[in-house]
1. Restricting segment 115-146 to residues that are outside any helix (DSSP H, G or I) and farther than 17 Å from residue 19 by Cβ, which is nearest to the chain's Cα centre (by Cα)?
2. Only one residue in 239, 185 is in contact with a strand residue (DSSP E or B) (Cβ under 6 Å, 6 or more places away or on another chain), under 22 Å from residue 37 (Cβ atoms) and free of Cβ contacts under 8 Å to residues at least 60 places away in the same chain. Which one?
3. Do any strands (runs of 3 or more DSSP E) entirely within segment 1-114 hold 2 or more residues that are over 21 Å from the mean Cα position of the chain (by Cα) and over 27 Å from residue 210 (Cβ atoms), and if so, which?
4. Could you check residue 202 against (1) in contact (Cβ under 8 Å) with a residue 60 or more places away in the chain; (2) within 18 Å of residue 146 (Cβ to Cβ); (3) crowded, with 23+ Cβ neighbours inside 10 Å and say which number it fails?
5. Inside segment 274-290, can you point out the residues that are out of contact with any helix residue (DSSP H, G or I) (no Cβ under 9 Å at 6 or more places or on another chain) and either within 17 Å of residue 320 (Cα to Cα) or not assigned by TED's automatic domain parsing to the domain that holds residue 367 (or both)?
6. Specify which of the listed residues (98, 134, 115) is at pLDDT 95 or above and either under 19 Å from residue 10 (Cα atoms) or buried (at least 22 other Cβ atoms within 10 Å of the Cβ) (or both).
7. Please go through segment 314-329 and pick out each residue that is farther than 19 Å from residue 365 by Cβ and either in a loop (DSSP other than H, G, I, E, B) or at pLDDT below 95 (or both).
8. Pull up segment 301-315, narrow it to residues that are under 25 Å from the mean Cα position of the chain (by Cα) and in contact (Cβ under 8 Å) with a residue 40 or more places away in the chain, then point me to the one that is farthest from residue 264 (Cα to Cα).
């Protein structure tokens, strides 16, 4: 997939990942970019998130990203802060731009010092090109598949999104590492006005395991190389790209065999609908039932109830794979037929609370023995 106009990217094997796979990625824009950022709410945030947040508050433009995989550089004290700043300084020197124009990202194991000497040795070997795949491959950790999506606007400008993430995902504001790039010309104030809303209905509606990473961030960069756009069309394109990435994240959850989609209608507000949907998508009991093809709709009812949103049993309707199971009362259904309908790649739950106009969707995955295996052996 080609990058939008004015962007280039590349990657190398710096020896940070024990596997020897690509693990250091660099992305650059020919001109400074307007940008928007959302970072993790985890209080044990990594230096890359803290530094990004400081740069965001300062309000300057960005022109490059440098990201390492295999080391989260989190809980590493002052040494970690210096290493994160050092990554930015190395990339800035190579590109001939100020360090404040470079955003850093790290992902991997928490609590291990980042080997800055490996970054310094590997960075000069990165050749920048017009394809996104080398950058994307280098930021993956336990992912089984790369995640990417794109959209083209009527004026020819493009929106390209990439992200990584497979475990430690219930973002609470972003999702591991997500980068959305566009050559559309959009003012920084406008990007910052709209980005959080896009994140709320896409990345914030994904749950693999209810764990919020220390390194999560979602970044939107616009360099304006393709000119001005109609803002409504622009935001629809950005949201479509991010929803696609969110679905890909859920489907590639560690150990997952199925994508779980939860749609909630009839809530008092969109925010309540999203909250209820995410509660169902993140329920370990329901996720286990999905894995076992068990149409135990009571677990959906439980998860809606525990979310704290307004609900009434008498007005609640629940369907699974389009088959009604509850409509203010228990409905008769053939359990074996519904179970058979769940033996597909995407399982869809629909809940209508019957109270208002609020709507929301969340995405998750089934919970399998493989998830336990991966995380039982993650550092051993």
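The values are calculated or read from the model by the stated rules, or taken from the named source; none is laboratory data. Keep in mind the model is a prediction, meaning the values are calculated, not measured. Neighbour counts run over all protein chains shown; Cβ positions are idealised from the backbone, glycine included.
1. Initial filter on segment 115-146 (outside any helix (DSSP H, G or I)): 115, 126-132, 139-146.
Those left that are additionally farther than 17 Å from residue 19 by Cβ: 126-132.
Details: 126: 25, 127: 27, 128: 25, 129: 24, 130: 23, 131: 21, 132: 17 Å.
Selected residue: 132.
2. Exactly one residue qualifies, and that residue is 185.
3. Working: elements: 7-12, 24-39, 62-71, 102-109.
Passing ranges, in order: 7-12, 24-39.
4. Tallying (1) in contact (Cβ under 8 Å) with a residue 60 or more places away in the chain; (2) within 18 Å of residue 146 (Cβ to Cβ); (3) crowded, with 23+ Cβ neighbours inside 10 Å, residue 202 fails exactly one: (1).
5. First pass over segment 274-290, keeping only residues out of contact with any helix residue (DSSP H, G or I) (no Cβ under 9 Å at 6 or more places or on another chain): 275, 284, 290.
Answer for segment 274-290, where residues must be out of contact with any helix residue (DSSP H, G or I) (no Cβ under 9 Å at 6 or more places or on another chain) and either within 17 Å of residue 320 (Cα to Cα) or not assigned by TED's automatic domain parsing to the domain that holds residue 367 (or both): just 290.
6. On inspection, the qualifying residue turns out to be 134.
7. Restricting attention to segment 314-329, the residues satisfying the condition of being farther than 19 Å from residue 365 by Cβ are 314-319, 322-329.
Once the filter is applied, which keeps residues that are farther than 19 Å from residue 365 by Cβ and either in a loop (DSSP other than H, G, I, E, B) or at pLDDT below 95 (or both), segment 314-329 yields 316, 322, 328, 329.
8. For segment 301-315, the residue satisfying everything is 309.
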